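Right, one structure below, let's go through it.
The values are calculated or read from the model by the stated rules, or taken from the named source; none is laboratory data. Since this is a predicted model, take the numbers as computed values, not measurements. All Cβ positions, even for glycine, are placed from backbone atoms using ideal geometry, and neighbour counts span all protein chains on display. With ligands, DNA and RNA removed, areas are computed over all heavy atoms of the protein, side chains included. Shrake-Rupley method; radii C 1.70, N 1.55, O 1.52, S 1.80 Å.
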Amino acid sequence: MVTKNILRKISLFLLLSLALRFSVFAGAPKYVFFMIGDGMGINAVAATERYHAAVDSGIIGRVPLVMTQLPHTAICHTYSLSNGVTDSSAAGTALSTGCKTANGILGMDSTRTVALKSVAEKARDAGRAVGVVTSVSIDHATPGAFYAHVPSRKHYYDIGTQMAASGYDFFGGADFLQPDGKKHDRYDLHKLLADSGYTIIRGMNGIPPEQWGKKVFLTQENGRGARQPGRSRSSLPNAIDRASDDLTLPQITKAAIGHLDATDRGFFLMVEGGAIDWACHSNDAATAFAEIDDFDNAVGIAYEFYKAHPDETLLVVTADHETGGLALGNSDYILRFDQLQSQRCSLRQLSALMAGACADNAGWEGVRAILADSLGFWNIIEISEADESALRQAYDKTVSGKDATVFNEYSDDNLIAVTAVEILNRIARCGWTTGAHSGAPVGIYAVGVGAEAFHGVMDNTDIPRIIADVAAYE
């Protein structure tokens, strides 16, 4: 164990030395992008590329994403200080501060008494403009890890107050989960933001960017979000469910770049594809692939900025952990990812449709029609007698009120919808080993000034340390 620790320290020293060489001799990057696909395991990235090969080109192979074409790659371990399988708060803390902590803690050490300084805070203190962007609530674990320090990730109101106090130039994403702290005597977070000098912009059709002011929170319009009752604050609409006027992660990323670049101070921008994790918790492959595509489109926007400023930019893409334990294929040695293109909505959206149909007494034929329209069952996807029987049993349980709901990390889903998506995933040969996180390593993809420091097998704590050193934040 001692030998391993010594070797690890030597390895980290060499990585930081390489990073320092770029900081001193090539000049520290003026612009830093740190992009995190929440729950985005290596298999999920590979599966998205295989899906596009099957659907877009009709071939066995892969259509590369932007992130996987970046020239410098590494493998990253994600375990936390307390668990072999990390949660998002410990992983977010490791990625933001370079220090491991216990599961459940955000931006603090394992004693819950010492605040750990994030790379975003270091960038702010070094005079850079700072932005934090996500596709889920702005007070969720990963975005919160870059500006907040709380003993529990569930202290959403306290996380929000620290967001207002951060002084960062740009925030973007879904709304606060607890804007009033669930207590009527607490100060509303939206008012606190405004009193702290932030302009709250709802949707891209509101106030034009030139009138935004120095500090901005760009979020969705009131009542918009993942279309599930009671969860409109939690995330932007899933990419697969999106309407033409919905706010998107690529839109927010582009707006953040424009706002931060206008300060002419250089910038640090963290972008999280948070809804990837939620889809993987639900074992919803088609929705997860669409979220990875959406996140990769945001990466593409950052990459275009890099190409315009190649000698001044560092772009790093990774994940905080793997979710779902996705497996590609089974015992028959084939993949049928093309079957997933018949899915037209997320599991959460399908659950709402199923619940509505059952409440309206639409009957089995009404449910069957929704499955045909939403998943292509019977008219595009061949459904066996055994699968139809399983769907009918789920329907009978639902209308009788018995075991009608399946609970996962971020949603309570209708049994018929869950059964249907499980069937489609099995037909496509997408297997899932868990509805939670796994201990599998994730990928790192990088380009730009100092990107050569990202190679081999690394730990998640190495990433922010290298970024801070390369960018001369300390």
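Brief remarks follow.
- Residue match in region 131-149 (condition: touching a residue at least 24 places away in the same chain (Cβ under 8 Å) and surrounded by fewer than 24 Cβ atoms within 10 Å (Cβ to Cβ)): yes
- The listed residues are 323, 318, and the only one of them that is among the hydroxyl-bearing types (Ser, Thr, Tyr), touching a Phe, Trp or Tyr at 6+ places or on another chain (Cβ under 8 Å) and open to solvent by less than 50 Å² (accessible area, probe 1.4 Å) turns out to be 318.
- Within region 293-320, residues that are farther than 23 Å from residue 473 by Cα sit with their Cβ atoms under 7 Å from residues that are assigned to a helix (DSSP H, G or I) and among the small types (Gly, Ala, Ser), at 6+ positions apart or across chains, in these pairs: 293/239; 294/239.
- Residues of region 92-112 classified as in contact (Cβ under 8 Å) with a residue 12 or more places away in the chain and assigned to a loop (DSSP other than H, G, I, E, B), total: 11
- Contacts under 8 angstrom Cβ, first residue in region 352-368 being free of Cβ contacts under 8 Å to residues at least 40 places away in the same chain, partner outside any helix (DSSP H, G or I), 6 or more apart: 366/360; 368/377; 368/378
- Qualifying positions in region 43-53 - open to solvent by 10 Å² or more (accessible area, probe 1.4 Å) and over 30 Å from residue 90 (Cβ atoms): 50, 51, 52
- The set of residues from region 441-460 being closer than 20 Å to residue 40 by Cβ and surrounded by 19 or more Cβ atoms within 10 Å (Cβ to Cβ) comprises 441, 442, 443, 444, 445, 446, 447, 451, 454, 458, 460.
- Being of a type outside the set (Gly, Ala, Ser) and in a strand (DSSP E or B) is a property that residue 299 lacks.
- Top-ranked residue of region 25-42 - restricted to ones that are within 25 Å of residue 435 (Cβ to Cβ) and buried (at least 18 other Cβ atoms within 10 Å of the Cβ), ranked as farthest from the chain's Cα centre (by Cα): 41
- Criterion: over 34 Å from the mean Cα position of the chain (by Cα) and either within 22 Å of residue 348 (Cβ to Cβ) or open to solvent by 20 Å² or more (accessible area, probe 1.4 Å) (or both) - qualifying residue of 374, 400: 400
- Residue within region 187-203 that is within 26 Å of residue 473 (Cα to Cα) and of a type in the set (Asp, Glu) present: no
- Taken over region 54-70, residues that are out of contact with any Asp or Glu (no Cβ under 9 Å at 6 or more places or on another chain) and either in a loop (DSSP other than H, G, I, E, B) or crowded, with 19+ Cβ neighbours inside 10 Å (or both) amount to 3.
- When each of 340, 260 is tested for being outside any strand (DSSP E or B), among the hydrophobic types (A, V, I, L, M, F, W, C), open to solvent by less than 10 Å² (accessible area, probe 1.4 Å) and within 21 Å of residue 28 (Cα to Cα), the lone residue that passes is 260.
- Residue tally, condition surrounded by fewer than 19 Cβ atoms within 10 Å (Cβ to Cβ) and in a loop (DSSP other than H, G, I, E, B), over region 377-389: 5
- Within region 263-289, the set of residues being surrounded by fewer than 24 Cβ atoms within 10 Å (Cβ to Cβ) and either in contact with a Pro (Cβ under 6 Å, 6 or more places away or on another chain) or in a helix (DSSP H, G or I) (or both) comprises just one member, 281.
- None of 71, 64 is more than 30 Å from residue 177 (Cα to Cα), without any contact (Cβ under 8 Å) to a residue 40 or more places away in the chain and not charged (D, E, K, R) except 64.
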